[in-house]
1. By how many degrees, 0 to 90 and rounded to 10, does the Cα axis of helix 65-74 deviate from the longest principal axis of the chain?
2. At 0.36 nm per residue, and after removing the present C-alpha to C-alpha distance, how many nm does the segment from GLU219 to ASN334 gain when stretched out fully?
3. Which order do the peptides 279-286, 188-195 come out in when sorted by mean C-beta neighbours inside 10 angstrom, highest first?
4. Under 8 Å for C-alpha pairs, at least 6 residues apart: give me the relative contact order for the chain, rounded to a whole percent.
5. Given R₀ = 25 Å, FRET efficiency for SER32-LYS2 by Cβ-Cβ distance, to 0.05?
6. Along the principal axes of its C-alpha atoms, what lengths does the chain span, in descending order and rounded to whole Å?
7. If each residue of separation counts as 0.36 nm, what is the full-extension length gain between GLU210 and HIS100 once their alpha-carbon separation is subtracted?
8. Counting other beta carbons within 10 Å of each Cβ, put ILE87, ILE71, ILE228, ILE6 in order, fewest first.
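Readers should treat all values here as calculations from the given coordinates under stated rules, not as data from a laboratory. Bear in mind the structure is a predicted one, so any value in this text is a computation, not a measurement. Glycine also receives a Cβ, built like all others from the backbone with ideal geometry; neighbour counts cover every protein chain displayed.
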Amino acid sequence: MKKILIVGAGFSGAVIARSLAEVGHKVIVIDSRDHVAGNCHTYRDKKTGIMVHKYGPHIFHTDNETVWEYINRFGEMMPYVNRVKAIAGDRVYSLPINLHTINQFFSKTLNPNDAKAFIASQADKSIDEPKSFEEQALRFVGKPLYEAFFKHYTIKQWGTEPSNLPASILKRLPVRFNYNDNYFNHKHQGMPKNGYTNIVNNILSHENIELKLETVYVEKMKSGFDHIVWSGPLDAYFNHQLGRLGYRTLDFKPFYGTGDVQGNAVINYCDKHVPYTRITEHKHFSPWEEHDESICYREYSRACDKEDIPYYPIRLMNDKERLQQYVDMAEKINGVTFVGRLGTYRYLDMDVTIKEALETSQALLRSFESDTKPNTFYQKVV
């Protein structure tokens with residue numbers, strides 16, 4: 001049996017730790033924070049009793065049956081549909097853009113077929129192959145909708161002009177020609193009844209797993225283990241020798257209220273003059289509970305400094321070049337596998353994180369059983 005060190009007690013680290021522990025490997029999981037679950041960490045607000053998503057809301061959604069069964073194994077998932085509202089030009093709309101949004105924005109009463117034709121007439125047909133976020137939006141929905149809902153929100157979120165961002169970011173945002181305002185299309189959507197931290201604690205609850213919080217990895221730890229699974233930032237493993245990979249971070253400004261403060265869990269603020277990107281009201285993420293008071297977050301996005309918590313990889317051209325250099329460095333070392341959102345410098349939803357962690361676990365087990373060298377990366381990074 002192997003002795004494994006896993007750096008990071010988020011979903012990636014926890015799922016891999018559990019898989020290895022269940023077949024007899026001894027696993028130590030460390031995390032520099034004082035809690036598990038990483039940026040999915042949830043806790044009960046002392047003043048209101050509301051389950052709060054400390055690092056911003058996380059809604060679970062997936063079409064993967066294996067992943068859905070897995071998370072339900074460790075916690076009860078309650079039905080939850082994410083319905084996002086957006087304020088643009090002092091009016092409230094539904095997102096993603098749907099038939100109601102189109103009719104309301106353009107003061108029309110279009111049916112689905114007419115709406116498709118109308119949006120097609122708005123599109124910039126001179127753009128054959130969109131390369132940037134801006135080109136994708138102009139080609140996809142046209143200038144009026146782009147400027148109302150995407151342009152300034154994107155500048156606030158990413159800190160750069162949409163013309164500097166890849167088109168792939170917008171491809172995750174659907175346009176619907178019906179009145180469906182469910183933000184996601186996945187078969188399974190839900191929220192954990194007792195929060196994500198409870199689920200991760202349950203995953204880590206095994207006799208072969210030892211958890212050490214408020215513990216920072218240092219190089220001398222490596223000699224005491226047969227293998228390391230690293231779910232922290234890729235560049236941090238190398239002490240940022242080549243410079244830091246670019247991330248956006250988030251600042252949350254909480255405020256309290258009574259009753260129902262904004263009437264919805266998430267409201268985006270798309271206008272340039274509003275400094276925050278959105279307000280989230282956390283009681284609405286647990287609609288099966290009742291609370292007289294309320295806690296909300298104003299959410300601000302900015303560049304990630306060295307002391308900040310990284311949220312979103314920027315992946316602009318300079319970052320991709322530096323990323324390739326770090327990947328090359330990683331491939332030359334032995335005894336470490338890099339996983340997860342930070343370890344592979346990719347944007348990952350929770351279900352994909354769990355899926356990849358389960359796949360990585362099986363690949364590691366095969367390597368241990370055959371006494372072959374585990375891969376440095378089991379997912380394509382660059």
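1. Tilt of helix 65-74: around 70 degrees.
2. 40.1 nm
3. Output ranking for 279-286, 188-195: 279-286, 188-195.
4. 25
5. Step by step, r from the Cβ atoms, then E = 0.60.
6. For the chain, the Cα spread along each principal axis is 67, 51, 37 Å.
7. Details: separation 110, 0.36 × 110 = 39.60 nm, distance 5.17 nm.
This chain segment gains 34.4 nm when fully extended.
8. Fewest to most other Cβ atoms nearby, the residues stand as ILE87, ILE228, ILE71, ILE6.
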